[in-house]
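The values are calculated or read from the model by the stated rules, or taken from the named source; none is laboratory data. Since the structure is predicted, the reported quantities are computational estimates derived from the model, not experimental observations. No Cβ is skipped: glycine too gets one built from the backbone with ideal geometry, and neighbour counts run over all protein chains shown. Protein only, heavy atoms only, side chains kept; ligands, DNA and RNA dropped before computing areas. Shrake-Rupley method; radii C 1.70, N 1.55, O 1.52, S 1.80 Å.
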Amino acid sequence: MLFDDNKSDLKNKKQKTIWNKRNIRWMLVLYDAIIYVAIAIVLFILYEGAKNLTSIGIIQQIVISAACIFSARLVGNIYGQVWRYGGIQCYIRLIFTDFIAFLIYLCIDLIFPIQKDVFVRSLSLFTLNLLGALTMRMLYRYAYKCGSQDNVIGKIASFALKIMSGLETDKVKDIHKIKIAIIGAGRVGVSLAEELISNKESAYVPRCFIDIKKEKTGREIHGIPVFSEDKVTLKMLEAYEVQEIVFAIPSMDAESKKALYDYYKKAGFKVKVYDYPTMYTTEGKRHLREFDVEELLFRKQLVVANERTSKYYQDKVILITGGGGSIGSELCRQLAKMQPKQIIILDIYENGAYDVQQELRILYGGRLNLHIEICSITNKRALECVFKKYHPQIVINAAAHKHVPLMENNCVEAVCNNVFGTKNVIELCEQYNAERFMMVSTDKAVNPTNVMGATKRMCEMLVQSASIYGKVKYSATRFGNVLGSAGSVIPLFKKQIANGGPITITDKRIIRYFMTIPEASQLVLESGAMAKNGELFVLDMGQPVKILDLAESMIRMSGVNGIKIIETGLRPGEKLYEELLVKTAELDKTDNKLIFIERDLPLSRDEIDKKMEILQKACETDDDNLVRDALREVVPTFKSSEEVNARSIEANEKNNQPEPVLS
């Protein structure tokens, strides 16, 4: 498990960090020395035993004994421990090191030509010195625990701590706070520690850092020890009374973060993160918070949009259909940052459009030229009024019915809205001389097994066909399931957990590709800016996620016990495994290594017109079954979910079969 912080942190010498070079508490060494000297004076000078030593002999015995004791304690890291948090293992270590010191002393006494002392006095010196050291540490720990009390004992303990160790009363009161271990001793982790230390009202107190950099481990930052990530143990954290683990290292890779999260969660710690308010933003101020559910996927968030993309949309009139939806509203947020000339949000659902409008007005005020138009893309007359009024230069078509099970029972509406609505937008883009048309597509359009996916595949064919006869530049962008969108599984799982369970999943084998709403939106904008004409853009979305794993992670994060996960069976048109590409071999690279282009041969205008005529006649019957059959006719890759899932299961079983043993 490796993690690191920004390399520039090492060069930041202005950071107010206190390093103890060898992590030795010299004040404690001094107190131990005082105890030793006091006992030595009593035993060698005041006490007259059976055998008296000369002055030289006394000096020899005191020096050799002291050298053995303090050398053993230094090697045993007795002075590197924080004794106010020390547990039984710390005291056992002290006893063991002093025992080793006594054995070394006996060897020296036997081997070297020095004046010999009686065994009883030597043993008394070591045992009384050990007793004094143990007593002092126990009293210190007791005073630390009692120092926050408002009674007489608390005041005496607090005064003693102030005199003997310089520990402030406010620090003593930290025992009532939540003790945390901070993963990452870099800039972010140290800033969290500084914030908690300086804020007397904070509910948290940092007890230790966990880091991998050798130049940091084994030392202290602001009096807080830094442990090596591969050496820290649960017993050590228990000794420091750690209750929660806080991730404060944004640059940690996803695999390491997941491994650490699972490790500490299974150990019984609460796990939090010190980061921005949500994983969707890098604005505002970092604060201590719970992990977002989306972060439990532990996938590295992709940064797609760049400066070239921003310049493309600057000073442009942009129309977003479906602008009040999950993807559409995020497109509006991203575009608002790029200083467009005008943004027009078009949606049939007025509440969603209103929410986005209010949000952007609060953020940008009069600096953003924003307009809302309420209409359906299936209403061509109303849609034409919008084009005539604004003459958009860029049109992003995010309006569509996307709910798979609902569209299975509403085939006519799915085709009318998704297919014929897209056709209306394309025709008006040509009529009113738009510069670019960008369509938001889905991975469900790849070898579709449901009506929704088939309609989006038909839309892709419409767009690609328009690119060979139209004046507008066309492109479509495919991506997988969007985290946190209105129709995703995460809001459903949250509600089910809040209701005490159970969590329902259609099949425990089901896997999906996921991306965040900002990633999906940035991809659309990036691909639209780089499009020349007719491209079908696809994102490298990394590894797919098992929905069962996601459900289990959400249950662990909730802290609720007894939540069951039950299977309900695959819904009509649902795949076990989503595909991302139609023909994976036919991919072109782009300037962005995460974005690829799949080039299908576009259909001619006549071929598209024939397909649209078939769909038109089917829709006029208002018969969902006839429309479904028509979709199968015009979209050759539209197969039944049963057929596709059977092939997927068979292929998966073959891949998991062991190699045959040859005799």
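Values as computed for the structure displayed
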{"read-out": "Inter-label distance, nm, simple model (7 Å from Cα along the C-beta direction), residue 139/residue 253", "value": "5.3"}
{"read-out": "Dimensions in Å of the stretch 288-441 - Rg and Dmax from alpha carbons", "value": "16.5, 53"}
{"read-out": "Length released on extending from residue 339 to residue 308, taking residue separation times 0.36 nm less the Cα-Cα span", "value": "9.8 nm"}
{"read-out": "Phi to ³J(HN,Hα) by Karplus 6.51 cos²θ - 1.76 cosθ + 1.60 over the stretch 179-187, Hz, x for Gly, Pro", "value": "8, 10, 10, 9, 7, x, 9, x, 4"}
{"read-out": "Accessible-area ranking of 127, 590, 516, largest first, probe 1.4 Å", "value": "127, 590, 516"}
{"read-out": "Where trypsin sites (Lys or Arg not before Pro) fall in DSSP loop in the stretch 184-214, at most 13 other Cβ within 10 Å", "value": "200, 214"}
{"read-out": "Per-pair calculated FRET efficiency, R0 = 60 Å: residue 99 and residue 349 via Cβ, rounded to 0.05", "value": "0.20"}
{"read-out": "Cβ-Cβ FRET estimate between residue 90 and residue 508, R0 fixed at 41 Å, reported to 0.05", "value": "0.30"}
{"read-out": "Interatomic Cα distance distribution for the stretch 359-409, bins of 5 angstrom, percent", "value": "4, 14, 18, 19, 17, 14, 9, 4, 1"}
{"read-out": "23 Å Cα-Cα threshold exceeded, pairs from 337/546; 272/494; 389/423; 337/380", "value": "337/546; 337/380"}
{"read-out": "Kirkwood Rh, Cα atoms: Rg over Rh of the stretch 345-387", "value": "1.05"}
{"read-out": "Residue 552 accessible area, 1.4 Å probe, all protein chains in place, Å² to nearest 10", "value": "70"}
{"read-out": "Two-site label geometry, residue 492 and residue 30: point separation in nm, points 7 Å out along Cα→Cβ", "value": "6.7"}
{"read-out": "Pairwise label distance in nanometres, residue 587 with residue 230, each label 7 Å out on the Cα-Cβ vector", "value": "3.4"}
{"read-out": "Trypsin sites (Lys or Arg not before Pro) lying in DSSP loop within the stretch 215-257, provided at most 14 other Cβ fall within 10 Å", "value": "231"}
{"read-out": "Full-extension gain in nm, residue 59 to residue 263, via 0.36 nm per residue minus C-alpha separation", "value": "68.1 nm"}
{"read-out": "In the stretch 321-352, trypsin sites (Lys or Arg not before Pro) in a DSSP loop with at most 12 other beta-carbon atoms within 10 Å", "value": "341"}
{"read-out": "Solvent-accessible area of residue 416 with every protein chain in place, 1.4 Å probe, in Å² to the nearest 10", "value": "40"}
{"read-out": "Accessible area of residue 508 in the full protein assembly, 1.4 Å probe (Å², nearest 10)", "value": "80"}
